[in-house]
Amino acid sequence: MNKTGDKLTEYHYRAELLNRLMQLPYEAKLELTKTVIRHALTHAKKACVSISGGKDSTVLLHIVRSVKYIPAIHINTGVEYPETETYIKQIPDVTVIKPPLTFFEVVKKYGLPRTSRCNTTPQCCIKLKHLPIKQYLTNFKPFSCLLFVGLIGSEGRHRRFNFIRRGFIYAHKEWQCYKATPLIHWTSEDIWRYIEEHEIPLNPAYYKYQLDRIGCIVCTGYKDWEKVMSVAHPKLYKQIKKLQQYKNSHQATQQNTKK
Ligand code: SF4
């Protein structure tokens, strides 16, 4: 078989493997997660958990710290829910990283995150989250650091595809570190079960604004963003709407000029 054929076979094998792992009983998933964590910790001297203030990374931090107590990092995009900021402050040993650009500087240049499902990462995520982490990692020798990330497989195709391409633990060439996703075979139901069983206090923003996910207040990258943002932060909502209208009319003018 040629190289392309080999790769395809491997992709199919890993896709099937993830499928089966996602169907394991909860207890077996938890055991596997701990095994992945232990194994990942052997890859690098320094390790930390990336936390957003959302439930998945909160659960991951709890499990990782039950195996070994390590620090956490959190990227504050400058447009976080105030509840998220307070919640993060209550967690011990968290380094808060702030991006050099503001959300509005980024979206004025590159546009707002799109609601429709597309495979490209929004520029605000790249500029406000990815680049600051990459910059933070330059404080360490290349590949001396391991980053745990709380991605779960039921949250989207591209997350599962990441596992299919790279597995639970992999060397991230661009960031020059190791990354591990020990919850990739979990579903939202598993996360809720763990939270209940361990009585983990969650970010109050979930209850206050009836959120399914925690991100930036001004995020327009999901279906119900208008409903949520208009209640959570009416002032920012107006700003975003204005920006949206400006961008739309700007695009329309550009298209007319081209005709
Ligand atoms: S959560 Fe939304 S607004 Fe925040 S960086 Fe990601 S895509 Fe952009």
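Derivation of every value follows stated rules applied to the coordinates shown; laboratory data play no part. Every value quoted in this text rests on a predicted model; they were computed, and no experiment measured them. Cβ sites come from the backbone with ideal geometry, for glycine too, and all protein chains shown count toward neighbours.
Structure data summary
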| item | result |
| --- | --- |
| Count of the stretch 86-132 residues which are near the ligand (Cβ under 10 Å from one of its atoms), in a helix (DSSP H, G or I) and over 20 Å from K241 (Cα atoms) | 5 |
| Within the stretch 207-221, considering residues that are away from the ligand (no atom under 12 Å from the Cβ) and surrounded by fewer than 17 Cβ atoms within 10 Å (Cβ to Cβ), the one farthest from K241 (Cα to Cα) | Y207 |
| Among the residues listed as T181, T120, T187, T138, the single one being without any contact (Cβ under 8 Å) to a residue 40 or more places away in the chain and farther than 30 Å from K108 by Cβ | T181 |
| Within the stretch 60-85, considering residues that are within 15 Å of the ligand (Cβ to nearest atom) and aliphatic (A, V, I, L, M), the one surrounded by the fewest Cβ atoms within 10 Å (Cβ to Cβ) | V79 |
| Boolean, F161 is assigned to a helix (DSSP H, G or I), surrounded by 15 or more Cβ atoms within 10 Å (Cβ to Cβ), within 16 Å of the chain's Cα centre (by Cα) and of a type in the set (F, W, Y) | yes |
| Conditions (1) exposed (fewer than 12 other Cβ atoms within 10 Å of the Cβ); (2) closer than 26 Å to L202 by Cβ; number of the one not met by Q23 | (2) |
| Any hit, the stretch 180-197, residues being assigned to a strand (DSSP E or B), away from the ligand (no atom under 16 Å from the Cβ), touching a Phe, Trp or Tyr at 6+ places or on another chain (Cβ under 7 Å) and under 24 Å from L41 (Cβ atoms) | yes |
